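Enquirer: Have a look at this one before I ask anything.
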Amino acid sequence: MKNLKDQKTNETKLVPTALIRVALVICLVLITFSAFGQMAQNKEKWVGNIWYGGSEPLKFSQYWNQLTAENAGKWDSAEPSRDRMNWTTMDAMYKWTRDKGFPYKHHVFVWGSQWPQWIQNLPANEQKEEVEEWIRLYGERYPDTEMIDVVNEMFHVTPPYKDAIGGNGSTGWDWVVWAFEKARQYCPNSLLLINEYNVIEGWTAVSDYVKLVTILKTRNLIDGIGIQNHGLESIDINSIRSRTTELGNTGIPIYVSEMDIVMNSEQQQSDKYAQLFPLFYEHQAVAGLTLWGYLEGHHWRNNAWIMYSNGNERPALTWIKNYMAQRPDVGTPTPPPTPTDPPTPTPDLGPDAIIVRAAGTVGGENLDIKVDGSTVASFTLTTTMSDYVTSGNGLVEVHYTNDDNVDNGMDVQLDYIIYHGTTYQAEDQEINTGVWQDSSCGGSFSEMMHCSGYIQFPTAAVTTTTPPDPTTPPPAEAQLAISPLTKNVAANSSFTLGVALSSDNRAIASYGIDVKYDPSYITVDTAANKDGAKAGTQGYMAASNAGVSGTISITGFDVTGVGPGTGLDFLTLFFKAGSLEGNTYVSININMLTDAETKNVGANTIDGTIRIGGQDPGCTLKGDGNDDGVVNIVDALMAASYYVDPSYNVAKPECLDVDCNDTVNIIDALLIAQKYVGAISDFNC
């Protein structure tokens, strides 16, 4: 840390309180009354923008009355060399906001991108010291900063010093908690915000964001939830409103932190602003809006700018200006949203519990919950995202039954189900007969149901067993999985299925499985593989009688103790679809599975569905090489197999390139394994 450690020896410790932060929110509202910004002057909420340099961009203060630094506040810009700080641009922007009376938001303390390269070569203890010093020095220099993005985009990228500042820890987010603790310590006069993208868009689960916000809220560390709002151009408006409300239900104010719109024409862009801008500005949970750029030639997205380089307005900016002129002046500051109590934890409802989280867009929409084809419960939805609880054991389908058929807006947003303790996101499911896609009802990978139809979720049967005698080691359980359970294939096309075998993570000594299928729909693709199956890197397939129509019998043994996930082997089955379209099956039975001590560890059977004539949606989930909708250790093994042997058949090889360097190698396998065990939150692509 060198001489910077000695710059401040006598520090006054300020203890932040909720009262101070509430007062700050009120002061921010008051600032909008006295500020010079024309659009939001005397309005209830500010409308801000960014600077790309150290002096006011063209006509900034004629339109905007809140400022965020685009790049100057990022750590790599502020400290490009260790202990050589560059405050020049931030100084200019901070002073300008003090002179104008505009609120200033700092962007950002901790982020997995644009960090100074020199930190990655330091030992962990010095990394931690440097991060804390960066936060402390900012707080000393800019003590009256109104708002700070403390941590940015944590679901998508993590910094190389993550473990040095707490790692996952007991909360799963200890490194984020640490950053907020230090920000609260050194910046007690500022509102502390978290910031993330793709949440309102629906690609990052709102529920995950709420969980993290709740962790910070219970520690009195967070004052605002940032939503970036890039890429809303084609997202359903009711979904946007519902997700915003769900975040607002935390009781923490929402800040639209980075908003822009790219459309094919200027009029389309203006129309989209007319649809989205009021939704956020008038939402009771939203405290203010910041657009991420406005001027031609100084915008990070092509054609997203709303002012020409000569200062003339594009139609979108004219619309925003006219809209703000119609907003009523506010004589008394609107108090900040009153925090609500955190939701009561869902009680343990037993092993067969099914919790469906859903909302209607109008209210009165009906849901039937079916398990193995039988209705186990029916619910009538309200417009509030709520939990609906039932129970069952089998294949779960959530049916929307009373679409109005005339598009009066009666739609269903199904967020997720919790089934046997596992959360299944609706947008990850391959079968959704109620979504409107390609000008008709039916499709996949969406949480919306616009037509009467259903979303199908994986089978997750629970078997109740007698507890083993504690004096003897528990027997290994034979486990089996097909990836994916449901697969779309084109007629007359070749395809593969992945089969995972395991025995409670014990090393497998030998195995035997029988694969049954309907030969009128599919046949073994002996042209792709003469045996009809191929073992993974951990195993060896000794025999296969693929010539018997309707059945493949496979025996083999495992190379014990090799690779990640010892006790799991992987087989690839090779099939070819015929010309007959429709649904068929592949049934797989373990008839023999022994562990390293040659003890038989039981049997299991599982069925998969093949839809002939379906369309391949391409790579929908990075890391999901076998296209089963989840990223797990099987995908890591597939990546390793593909690296060793590029001819190894993988359902979605493009999904295995998680570091996006156009190759699949051992690094991809390790990253997928890290994602599976929670060592990283997402792939840095």
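The values are calculated or read from the model by the stated rules, or taken from the named source; none is laboratory data. Please read all numbers here as calculations on a predicted model, not as lab measurements. In this analysis, Cβ positions are derived from the backbone assuming ideal geometry, glycine residues included, and neighbour counts consider all displayed protein chains. Ligands, DNA and RNA are excluded from the accessible area calculation, which covers all protein heavy atoms including side chains. Shrake-Rupley method; radii C 1.70, N 1.55, O 1.52, S 1.80 Å.
Enquirer: Go through (1) open to solvent by less than 40 Å² (accessible area, probe 1.4 Å); (2) under 24 Å from residue 213 (Cα atoms); (3) touching a residue at least 12 places away in the same chain (Cβ under 8 Å) and name the single condition residue 101 misses.
Expert: (2)
Enquirer: Can you tell me which of (1) buried (at least 21 other Cβ atoms within 10 Å of the Cβ); (2) within 18 Å of residue 298 (Cα to Cα); (3) more than 31 Å from the chain's Cα centre (by Cα); (4) not aromatic (Phe, Trp, Tyr) is the one residue 65 doesn't meet?
Expert: Failed condition: (2).
Enquirer: What about residue 174, is it open to solvent by 10 Å² or more (accessible area, probe 1.4 Å), of a type in the set (Asp, Glu) and within 30 Å of residue 65 (Cβ to Cβ)? Write out each step before concluding.
Expert: Working: open to solvent by 10 Å² or more (accessible area, probe 1.4 Å): yes; of a type in the set (Asp, Glu): yes; within 30 Å of residue 65 (Cβ to Cβ): no.
No: the conditions fail for residue 174.
Enquirer: If the requirement is being among the small types (Gly, Ala, Ser) and buried (at least 21 other Cβ atoms within 10 Å of the Cβ), which of these qualifies: 124, 92, 72?
Expert: On the way: 124 fails: buried (at least 21 other Cβ atoms within 10 Å of the Cβ); 92 fails: buried (at least 21 other Cβ atoms within 10 Å of the Cβ).
Just one listed residue meets the conditions, 72.
Enquirer: Somewhere in region 208-220, is a residue without any contact (Cβ under 8 Å) to a residue 40 or more places away in the chain, in contact with a Gly (Cβ under 9 Å, 6 or more places away or on another chain) and open to solvent by less than 20 Å² (accessible area, probe 1.4 Å)? Explain how you work it out, then say what you get.
Expert: Pass one, region 208-220, residues without any contact (Cβ under 8 Å) to a residue 40 or more places away in the chain: 211, 213.
Now restrict to residues that are in contact with a Gly (Cβ under 9 Å, 6 or more places away or on another chain): 211.
Retained after the next criterion (residues that are open to solvent by less than 20 Å² (accessible area, probe 1.4 Å)): none.
Within region 208-220, none of the residues are without any contact (Cβ under 8 Å) to a residue 40 or more places away in the chain, in contact with a Gly (Cβ under 9 Å, 6 or more places away or on another chain) and open to solvent by less than 20 Å² (accessible area, probe 1.4 Å).
Enquirer: Further, regarding this structure: Just to confirm my filter: which strands (runs of 3 or more DSSP E) fall fully inside region 47-154 and include at least 2 residues that are farther than 15 Å from residue 179 by Cα and aliphatic (A, V, I, L, M)? Steps first, please.
Expert: Details: elements: 47-51, 67-69, 104-111, 147-152.
Once the strands (runs of 3 or more DSSP E) in region 47-154 are filtered for at least 2 residues that are farther than 15 Å from residue 179 by Cα and aliphatic (A, V, I, L, M), what remains is 47-51, 67-69.
Enquirer: Quick check: is even one residue across region 658-666 within 28 Å of residue 553 (Cα to Cα), part of a helix (DSSP H, G or I) and at pLDDT 75 or above? Let's see the steps before the verdict.
Expert: Keep residues of region 658-666 that are within 28 Å of residue 553 (Cα to Cα), which gives none.
Checked against the condition, which is being within 28 Å of residue 553 (Cα to Cα), part of a helix (DSSP H, G or I) and at pLDDT 75 or above, region 658-666 yields no hits at all.
Enquirer: Starting from region 425-448, keep only residues that are at negative phi and in a strand (DSSP E or B), then list their pairs with residues that are modelled with pLDDT of 85 or more and aromatic (Phe, Trp, Tyr) whose Cβ atoms are within a distance under 8 Å, requiring at least 6 positions of separation or different chains.
Expert: 425/416; 432/454; 433/454; 434/400; 434/454
Enquirer: Going by the conditions given, is residue 129 open to solvent by 10 Å² or more (accessible area, probe 1.4 Å), on the phi > 0 side of the Ramachandran plot and not small (Gly, Ala, Ser)?
Expert: Values: open to solvent by 10 Å² or more (accessible area, probe 1.4 Å): yes; on the phi > 0 side of the Ramachandran plot: no; not small (Gly, Ala, Ser): yes.
Considered against the rule, which asks whether it is open to solvent by 10 Å² or more (accessible area, probe 1.4 Å), on the phi > 0 side of the Ramachandran plot and not small (Gly, Ala, Ser), residue 129 comes out as no.
Enquirer: Scan region 416-440 residue by residue and report those that are more than 18 Å from residue 360 (Cα to Cα) and either within 21 Å of the chain's Cα centre (by Cα) or modelled with pLDDT of 85 or more (or both). Show your work before the answer.
Expert: Initially, region 416-440 is screened for residues more than 18 Å from residue 360 (Cα to Cα), giving 418-424, 428-431, 437-440.
Those that are more than 18 Å from residue 360 (Cα to Cα) and either within 21 Å of the chain's Cα centre (by Cα) or modelled with pLDDT of 85 or more (or both): 418, 419, 421, 422, 423, 424, 428, 429, 430, 431.
Enquirer: Which of the residues that make up region 142-181 are closer than 18 Å to residue 683 by Cβ and acidic (Asp, Glu)?
Expert: Once the filter is applied, which keeps residues that are closer than 18 Å to residue 683 by Cβ and acidic (Asp, Glu), region 142-181 yields 153, 163.
Enquirer: Residue check: is residue 320 open to solvent by less than 30 Å² (accessible area, probe 1.4 Å), within 27 Å of residue 243 (Cβ to Cβ), modelled with pLDDT under 90 and not in a loop (DSSP other than H, G, I, E, B)?
Expert: Working: open to solvent by less than 30 Å² (accessible area, probe 1.4 Å): yes; within 27 Å of residue 243 (Cβ to Cβ): yes; modelled with pLDDT under 90: no; not in a loop (DSSP other than H, G, I, E, B): yes.
The answer is no for residue 320.
Enquirer: Would you tally the residues in region 155-167 being surrounded by 20 or more Cβ atoms within 10 Å (Cβ to Cβ) and not in a loop (DSSP other than H, G, I, E, B)?
Expert: Kept after step one, since they are surrounded by 20 or more Cβ atoms within 10 Å (Cβ to Cβ), are these residues of region 155-167: 158-159, 161-162, 164-165.
The next check asks that each one be not in a loop (DSSP other than H, G, I, E, B); those that pass are 164-165.
Number of matching residues: 2.
Enquirer: Within region 175-194, is there a residue that is basic (Lys, Arg) and modelled with pLDDT of 95 or more?
Expert: Within region 175-194, one or more residues are basic (Lys, Arg) and modelled with pLDDT of 95 or more.
Enquirer: Further question: Taking region 373-411 only, how many residues are farther than 19 Å from residue 246 by Cα, of a type in the set (D, E, K, R) and free of Cβ contacts under 8 Å to residues at least 60 places away in the same chain?
Expert: So the answer is 3.
Enquirer: Got at least one residue in region 188-196 being of a type in the set (A, V, I, L, M, F, W, C), out of contact with any Cys (no Cβ under 7 Å at 6 or more places or on another chain) and in a loop (DSSP other than H, G, I, E, B)? First the steps, then the outcome.
Expert: Initially, region 188-196 is screened for residues of a type in the set (A, V, I, L, M, F, W, C), giving 191-194.
Narrowing the set further to residues that are out of contact with any Cys (no Cβ under 7 Å at 6 or more places or on another chain) leaves 191-194.
Cutting the leftovers down to in a loop (DSSP other than H, G, I, E, B) gives us none.
The answer is no, given that none of the residues of region 188-196 is of a type in the set (A, V, I, L, M, F, W, C), out of contact with any Cys (no Cβ under 7 Å at 6 or more places or on another chain) and in a loop (DSSP other than H, G, I, E, B).
Enquirer: Would a scan of region 108-117 turn up a residue that is on the phi > 0 side of the Ramachandran plot and touching a residue at least 60 places away in the same chain (Cβ under 8 Å)?
Expert: To start, the set of residues in region 108-117 that are on the phi > 0 side of the Ramachandran plot comprises 114.
With touching a residue at least 60 places away in the same chain (Cβ under 8 Å) added as a condition, the list becomes none.
Scanning region 108-117, I find no residue that is on the phi > 0 side of the Ramachandran plot and touching a residue at least 60 places away in the same chain (Cβ under 8 Å), so the answer is no.
Enquirer: Taking only region 248-302 into account, find how many residues are in a loop (DSSP other than H, G, I, E, B), crowded, with 18+ Cβ neighbours inside 10 Å and in contact (Cβ under 8 Å) with a residue 60 or more places away in the chain.
Expert: The number of residues fulfilling the criteria is 6.
Enquirer: Please find, within region 617-657, the residue that is surrounded by the fewest Cβ atoms within 10 Å (Cβ to Cβ) out of those that are modelled with pLDDT of 80 or more and charged (D, E, K, R).
Expert: 654
Enquirer: Something else: Test residue 385 against the stated conditions and say whether it is open to solvent by less than 40 Å² (accessible area, probe 1.4 Å) and at pLDDT below 85.
Expert: On the way: open to solvent by less than 40 Å² (accessible area, probe 1.4 Å): yes; at pLDDT below 85: yes.
Answer is yes for this residue.
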